[in-house]
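*Asks:* I have a structure here, written as structure tokens, and I will follow up with some questions on it.
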Amino acid sequence: MTTETATGYMGFVGVSTAQSSIMRVFPAWAEILGLPTRTLVGHDLPMDARPEQYVALVEQIRDDPQHLGALVTTHKMALYAAAAPLFDRIDDFGSACGEISSISKRDGQLIGHAKDPITAGLAVEDFLPDDHFAETGAEVLILGAGGAGSALSWYLAEREDRPRRITVTDASDARLDHLRSVHAKRATPQELIRYVAASDEATRALLADLPAGSLVVNATGLGKDRPGTPLPHGAELPHGAFVWEFNYRGSLEFLAQAREQEADRDLIVIDGWRYFIHGWSQVIAEVFGLTLTDELVERLADAAAAVR
């Protein structure tokens, strides 16, 4: 889908973009930020999109002067694998992790960024105390080694108050191997990260072994663009855990499971709304060359809540 206006437009690469709150939020944010356009256009690609589809889309963004840039979700790693040679520059995290979540243009160059470590860090700082891991000895279990899970593990491994252990699970051995190579390039201490093939049995065992107050995250994408949950039926979450669902829309089965245990297990349950706020605001700032302050982000959050 393409739309041309006198002031151009921004793109949104996803699977079911019309369902996202950003389609209602973007015009309000554009007004607050003084953007040159109020138009956001969705580019929907299937989960199993072919490499040539990514190439064609990136070429469209590059060659259309009205297309000012784009946020990429779901397809971040696949788009990089298929279309990285089309970019003039890709940032360090994007190159290391093999993903692109932000497409922008500067001085005739097409630039790719992977904003997830920044986004994940800002979202974590919204709910997790600065000294939580040092004071509690808590650990982290990240369910999913795709782009979002990889970025969170990157951020947590380099956080000043980092957990004593981060476990990442995934059904794909290839994704786990890729993440292992990313951490090796970054010289992340080997003893800090554990990589586990996902299964109901393995997940139950990992949950049972987590200390109280640990952080458990659904980074699989299940519950958003396709139904499901990485949490086995009846599995107990650690007492006092922070349970983070990266998604804010969709069937959200993982979030429902956490809510069911919230009172009995004294959980702190977080959905993906603030992650959404930080993710979009960071990419918009990159595309339009803006500087965000904490006060401005809160204004954007309030405006988003008003039209959610």
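Read the figures in this text as sums done on the coordinates, not as results from a lab. Since this is a predicted model, take the numbers as computed values, not measurements. We place every Cβ from the backbone using ideal geometry, glycine too, and count neighbours over all the protein chains shown.
*Asks:* Which ordering of Trp29, Trp244 is given by a fewest-first count of other beta-carbon atoms within 10 Å?
*Replies:* Sorted ascending by nearby Cβ count, the order is Trp29, Trp244.
*Asks:* Please sort by residue number the GluC sites (Glu not before Pro) in the stretch 126-221 whose DSSP state is loop and whose Cβ has at most 12 other Cβ atoms within 10 Å.
*Replies:* Listed in order of number, the matching sites are Glu160.
*Asks:* Tell me, what HN-Hα J-couplings in whole Hz come from the Karplus equation 6.51 cos²θ - 1.76 cosθ + 1.60 at θ = phi - 60° for each residue of the stretch 223-231, using x for Gly and Pro?
*Replies:* Computed from phi, the couplings for the stretch 223-231 are x, 10, 7, 9, x, x, 8, x, 8 Hz.
*Asks:* Moving on to the next point. Tell me what the chain gives for mean residue ellipticity at 222 nm when only DSSP H runs of n ≥ 4 count, each as -39,500 (n - 2.57), the sum divided by the residue total, rounded to 500 deg cm²/dmol. It would help to have the intermediate numbers written out before the result.
*Replies:* Values: 12 runs with 130 residues, N = 308.
Mean residue ellipticity at 222 nm (helix-derived): -12500 deg cm²/dmol.
*Asks:* Please find, in a Gaussian network model of the chain (springs between Cα atoms separated by less than 10 Å), the residue of His113, His183, His132 whose mean-square fluctuation is greatest.
*Replies:* His132
*Asks:* What list do you get for Ser101, Ser199, Ser95 if you sort them by fewest beta carbons within 10 Å? Please report the intermediate quantities before stating the final value.
*Replies:* Details: Ser101 31, Ser199 12, Ser95 17.
Lowest count first: Ser199, Ser95, Ser101.
*Asks:* Using alpha carbons only, how many degrees (0 to 90, rounded to 10) separate the axis of helix 273-288 from the longest principal axis of the chain?
*Replies:* With both axes taken from Cα atoms, the answer is about 30 degrees.
*Asks:* May I ask you to work out the translational diffusion coefficient for the stretch 118-271 at 10 °C, viscosity 1.306 mPa s, via Stokes-Einstein with Rh from the Kirkwood sum over Cα pairs, reported in whole µm²/s?
*Replies:* My calculation gives 104 µm²/s for D.
*Asks:* Another question about this same structure. Apply the Kirkwood formula to the chain: the hydrodynamic radius equals the inverse of the mean of 1/r over all pairs of different alpha-carbon atoms; give it in Å with one decimal. Present the calculation step by step, with values, prior to reporting the outcome.
*Replies:* On the way: mean 1/r = 0.0503 Å⁻¹.
For the chain, inverting the mean 1/r across all distinct Cα pairs yields 19.9 Å.
*Asks:* Suppose a student asked you for the relative contact order of the stretch 118-271, using Cα pairs under 8 Å spaced at least 6 residues apart; what percent would you report?
*Replies:* Working: 284 pairs, mean separation 32.3, N = 154.
Value for the stretch 118-271: 21 percent.
*Asks:* Among 78-87, 277-286, how do they line up from the highest to the lowest mean number of other beta-carbon atoms within 10 Å?
*Replies:* 277-286, 78-87
*Asks:* Expressed as an acute angle from 0 to 90° and rounded to the nearest 10, what is the orientation of the C-alpha long axis of helix 200-209 relative to the principal long axis of the chain?
*Replies:* Between helix and principal axis, roughly 70 degrees.
*Asks:* Could you state the angle between the C-alpha long axis of helix 51-63 and the longest principal axis of the C-alpha atoms of the chain, as a value from 0 to 90 degrees rounded to the nearest 10?
*Replies:* Approximately 50 degrees, to the nearest 10.
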